[in-house]
Amino acid sequence: FLETTAYFCMKPKMGEKEVSPHSFFSIWHEFSSDFKDFWKKENKLILQERVKEAEEVCRQKKGKSLYNIRPKHDSGIVSKICIDA
């Protein structure tokens, strides 16, 4: 714990000899909850952008036909029977 507080340059409050876990983790809790909120907002924005891009790609692909549909030619048994009859 002391190494962690030294790494983050935490200094004890006035009248205390050492940094208490309560003071360190209260600050850490505020930081982590703020970070989590920003993280969720940022991920939501990124997801919305990706959905818009995917919808645009889908619209473009629907506009272009990637395959051609050819009319069906009668060449089976049914067509031979119908012709002979």
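Structure notes:
- Taking amide H positions as modeled 1.01 Å from N, with prolines and chain starts lacking one, the residues under 5 Å from residue 20 and 5 or more places away or on another chain are 13.
- Cβ-derived FRET efficiency at R0 41 Å, residue 28 paired with residue 54, nearest 0.05: 0.60
- Other residues with beta-carbon under 14 Å from the beta-carbon of residue 30 carry, at +1 per Lys or Arg and -1 per Asp or Glu, a net charge of -1.
- If the chain linking residue 14 and residue 43 were pulled fully straight, counting 0.36 nm for each residue of separation and taking away their Cα-Cα distance, it would gain 6.4 nm.
FYI, it's all coordinate maths here, none of it is from the lab. All values reported here derive from a predicted model rather than from experimental measurement. Because the Cβ atoms are built from the backbone with ideal geometry, glycine has one as well, and the counts that use them run over all protein chains shown.
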